[in-house]
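Input: a single structure, listed below in structure tokens.
The values are calculated or read from the model by the stated rules, or taken from the named source; none is laboratory data. This is a predicted model, so every value here is computed, not measured. Virtual Cβ from ideal backbone geometry, glycine too; neighbours counted across all protein chains shown.
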Amino acid sequence: MSTGSKTVSAEDLAKKHRDISIAEFFEKNRHLLGFDNKRKALLTTIKEAVDNSLDACEEARILPEIQIEIIDMGRDRFRVIIEDNGPGIIKPNIPKVFAKLLFGSKFHSMKQSRGQQGIGISASVMYGQLTTGRAAKVISKTGNDKPAYYCEVKIDSQTNKPLILKEEERFGWVKEHGTRVEIDLEGSYQKGDQSVDEYVKNTAIVNPHSTFIYTNPKSEQVIFPRVTEQLPREAIEIKPHPYGVELGTLMKMLRTTDSKTLQAFLSHDFSRVGANTAKQISENAALPPNTKPKKMSRQQSEDLYHAINNTKIMAPPTDCVVPIGSDLIEKGVKKEINAEFYCSVTRPPNVYRGNPFVIEAAIAYGGEIKAESSAKILRFANRVPLLYQKGACATTKSLQNINWRQYGLSQSSGAIPVGPIIVLVHIASIWTPYTSEAKEAIAHYPEIMKEMRLALQECGRKLATYVKKKKRVKSELKKRSYIQKYLPFVGDALMELLELEQGDSDKVTDILLDVLDDTRSMPTLKDRDVGKTVSAYETTKEKDVGFIDNSDVEEFGSDEAGYEKEVSEDEKKNSEKSDDEIFNDSDDESENEEIDYKDNIDDNKDNDKDPADLNSYFN
Ligand SMILES: Nc1ncnc2c1ncn2[C@@H]1O[C@H](COP(=O)(O)OP(=O)(O)OP(=O)(O)O)[C@@H](O)[C@H]1O
Ligand SMILES: [Mg+2]
């Protein structure tokens, strides 16, 4: 029956069918890449360029020195200039790096890096071109004896190919090697939370081996000098772990492998599969070890997939993950945050979906940190600050899931704790599970959440020890001040009772003060390192950490994945404890801590300090 309206045939529809270029897709969906508003666009552009500079320097084992400059061009237009001292980029690759989406060196490598998608910097160039019509200007040099290569590039979004508008060799660039990119874009610059200023400061905290020279649009320059000359340990590339490979990927690997037999395929193309494990997998799959991988049917591939997941295989090697280390995190935090107490923790490596990762956490407490607001969370993934999507991030959720009242902070149930505290959480991983391509928040994998919880609880215990000790000091000082106040009267009374000479009152008071010193111990908070921890990672990294316990992880637990287990003592202790027990533990710890009261008593004798003013005793 006709509806009256014009019918469209399949042939008519087919006329509209056409390929969609990835560049066209992201041009329309730029919010997916972090360009949804002007403020964020400015930050994302800087972040993408700085990520690349840091990655390149570290890969080339160069201590990074990065210049970040934002020039206000008026009418919401900014020029962003990022210059590094990295290895440079070879001439033929420069146009593709900056003007072709999905071109990069990191997507296929199973190695920890900031970038992973091959989209970042070209997306920034595309956004700049879209909002100002201008090309990106790039100059790069790969060695002292070579000229620098300069080019101006745009993206042809219909084909996702670079358009080179100008190119030349330049001899005057003073740098030995490095890359400088200049992008004009529509943006908005504001200070405060989620600002470029905050991003640069936080980047400096977690990259203590790097120097940043930052000039904001108001021409104010801030230099963040490096605090260590030590580059992070080199990240090692690993092969995929069999447990993390899905059926479709396994079939693709079987089709494209160079190995001639199933046995060789399993032991060459995966990590942690030796000859014996390969044999075991073949047996479990009921496939002869000499089966030709390229000839395997879909059913055989599926049998192999199930056999892999039913065979016990060691967890992936973890030297591919490079945490910052609790000492350096603490140094970085101390450099940028003025607090009275700091502590940090680096957890032992763990694995989610076959990907190794390490969680680190730190707490800064007191000092200049605001007391009446909710704890500030500094979130990082592979040393990159995450400033947006806080609510969607696994770090926030983990923080909220902990009962912080047990550690001396106030908290409404399930909320972020309130108090003078800044919490830092870092995930180092060969593949960070972001919730979107904009790389803003970490997905809620149970293994990751569990590690975050353990790291935060460990910090919480140290904080509780400090807070309790501080309370004890305060109450002791109060009691002391009362006693001291009345000692001269007691001295006078004793003088009268014992019929001493008139001038002996002072002597008696001095003796009584000595008795007070000898009988009332005085805990001290002089040592700001009261919360310093030995990194669990440091104690385990030398060993081959092949066994990981995820037994209390709900969905992707080791029972499902079948990793062999070896539970570290530290982990066992922490994961088995309730918050209450942890709090009581910290109480014990504080009781056992060495008490150094001499200094404070001397201070008291001077009597020129206000007993209620704790700070006068801590400095
Ligand atoms: N400053 C630089 N120095 C040296 N190489 C660089 C630099 N910037 C980019 N590259 C190279 O260009 C590639 C593409 O960079 P791009 O930012 O587009 O992707 P990515 O960093 O691989 O991943 P992501 O999309 O997650 O950022 C990088 O993989 C790197 O090899
Ligand atoms: Mg990148």
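Listed residues I213, I223; which is within 20 Å of E65 (Cα to Cα), of a type outside the set (G, A, S), surrounded by fewer than 17 Cβ atoms within 10 Å (Cβ to Cβ) and touching a Ser or Thr at 6+ places or on another chain (Cβ under 8 Å)?
Going through I213, I223 in turn, the sole match is I223.
Within the stretch 233-250, track down each residue that is closer than 26 Å to S326 by Cβ and surrounded by 20 or more Cβ atoms within 10 Å (Cβ to Cβ).
Hits for the stretch 233-250 are A235, I238.
Filter the strands (runs of 3 or more DSSP E) completely within the stretch 115-204 down to those with at least 1 residues that are away from ligand 2 (no atom under 16 Å from the Cβ) and surrounded by fewer than 15 Cβ atoms within 10 Å (Cβ to Cβ).
Correct list: 148-156, 161-170.
May I ask you to verify whether A455 is surrounded by 24 or more Cβ atoms within 10 Å (Cβ to Cβ) and touching a residue at least 12 places away in the same chain (Cβ under 8 Å)?
In short, yes.
Each row is one residue, and each column tells you yes or no for (1) over 20 Å from R114 (Cβ atoms); (2) among the polar types (S, T, N, Q); (3) at pLDDT 95 or above; (4) not assigned by TED's automatic domain parsing to the domain that holds N207.
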| residue | (1), (2), (3), (4) |
| --- | --- |
| E372 | yes, no, no, yes |
| R379 | no, no, yes, yes |
| V384 | no, no, yes, yes |
| G408 | yes, no, no, yes |
| Y434 | no, no, no, yes |
| A438 | no, no, no, yes |
| A443 | no, no, yes, yes |
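Let's see how each residue does on (1) of a type in the set (S, T, Y); (2) surrounded by 18 or more Cβ atoms within 10 Å (Cβ to Cβ); (3) outside any strand (DSSP E or B):
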| residue | (1), (2), (3) |
| --- | --- |
| I46 | no, yes, yes |
| L63 | no, no, yes |
| Q67 | no, yes, no |
| R79 | no, yes, no |
| I82 | no, yes, no |
| G104 | no, yes, yes |
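Given the conditions (1) in contact (Cβ under 8 Å) with a residue 24 or more places away in the chain; (2) basic (K, R); (3) not assigned by TED's automatic domain parsing to the domain that holds V200, which single one is not true for K6?
Evaluating K6 over (1) in contact (Cβ under 8 Å) with a residue 24 or more places away in the chain; (2) basic (K, R); (3) not assigned by TED's automatic domain parsing to the domain that holds V200 leaves (1) as the failure.
Suppose we keep only residues that are among the polar types (S, T, N, Q) and within 16 Å of ligand 2 (Cβ to nearest atom) within the stretch 49-83. Which one would you say is farthest from H209 (Cα to Cα)?
Once the filter is applied, the top-ranked residue is N52.
Criterion first (surrounded by fewer than 24 Cβ atoms within 10 Å (Cβ to Cβ), at pLDDT 95 or above and not assigned by TED's automatic domain parsing to the domain that holds M110) does K397 satisfy it?
Spelling it out, K397 is indeed surrounded by fewer than 24 Cβ atoms within 10 Å (Cβ to Cβ), at pLDDT 95 or above and not assigned by TED's automatic domain parsing to the domain that holds M110.
Given the residues K485, K397, which is the only one that is within 30 Å of S505 (Cβ to Cβ) and not small (G, A, S)?
Testing whether each residue is within 30 Å of S505 (Cβ to Cβ) and not small (G, A, S) leaves just K485.
Quick check on K175: is it over 26 Å from L424 (Cβ atoms) and touching a strand residue (DSSP E or B) at 6+ places or on another chain (Cβ under 7 Å)?
yes
Give G86, G104 a once-over and let me know the one that is at pLDDT below 95, under 20 Å from I183 (Cα atoms) and within 10 Å of ligand 1 (Cβ to nearest atom).
Going through G86, G104 in turn, just one is at pLDDT below 95, under 20 Å from I183 (Cα atoms) and within 10 Å of ligand 1 (Cβ to nearest atom): G104.
Conditions (1) within 11 Å of ligand 1 (Cβ to nearest atom); (2) modelled with pLDDT under 95, marked per residue:
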{"residue": "T3", "(1), (2)": "no, yes"}
{"residue": "L32", "(1), (2)": "no, yes"}
{"residue": "R61", "(1), (2)": "no, no"}
{"residue": "P64", "(1), (2)": "yes, no"}
{"residue": "F78", "(1), (2)": "no, no"}
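Would you check if K96 is closer than 29 Å to Q190 by Cα and either within 15 Å of ligand 1 (Cβ to nearest atom) or assigned to a strand (DSSP E or B) (or both)?
Spelling it out, it is not the case that K96 is closer than 29 Å to Q190 by Cα and either within 15 Å of ligand 1 (Cβ to nearest atom) or assigned to a strand (DSSP E or B) (or both).
Across the stretch 107-122, what is the number of residues that are more than 7 Å from ligand 1 (Cβ to nearest atom), more than 15 Å from V384 (Cα to Cα) and either assigned by TED's automatic domain parsing to the domain that holds P385 or touching a residue at least 24 places away in the same chain (Cβ under 8 Å) (or both)?
3
What number goes with the only condition from (1) within 30 Å of K335 (Cβ to Cβ); (2) touching a residue at least 40 places away in the same chain (Cβ under 8 Å); (3) not assigned by TED's automatic domain parsing to the domain that holds K191 that E237 does not pass?
Going through the list (1) within 30 Å of K335 (Cβ to Cβ); (2) touching a residue at least 40 places away in the same chain (Cβ under 8 Å); (3) not assigned by TED's automatic domain parsing to the domain that holds K191, E237 breaks only (1).
Of the conditions (1) surrounded by 20 or more Cβ atoms within 10 Å (Cβ to Cβ); (2) not in a loop (DSSP other than H, G, I, E, B), P208 satisfies every one except a single condition; which number is it?
(2)
Considering only residues that are surrounded by fewer than 16 Cβ atoms within 10 Å (Cβ to Cβ) and either in the same structural domain as S109 (by TED's automatic domain parsing) or of a type outside the set (K, R) (or both), which ones fall in the stretch 258-302?
D258, H268, G274, A275, N276, E283, A286, P288, N290, S297, Q299, E302
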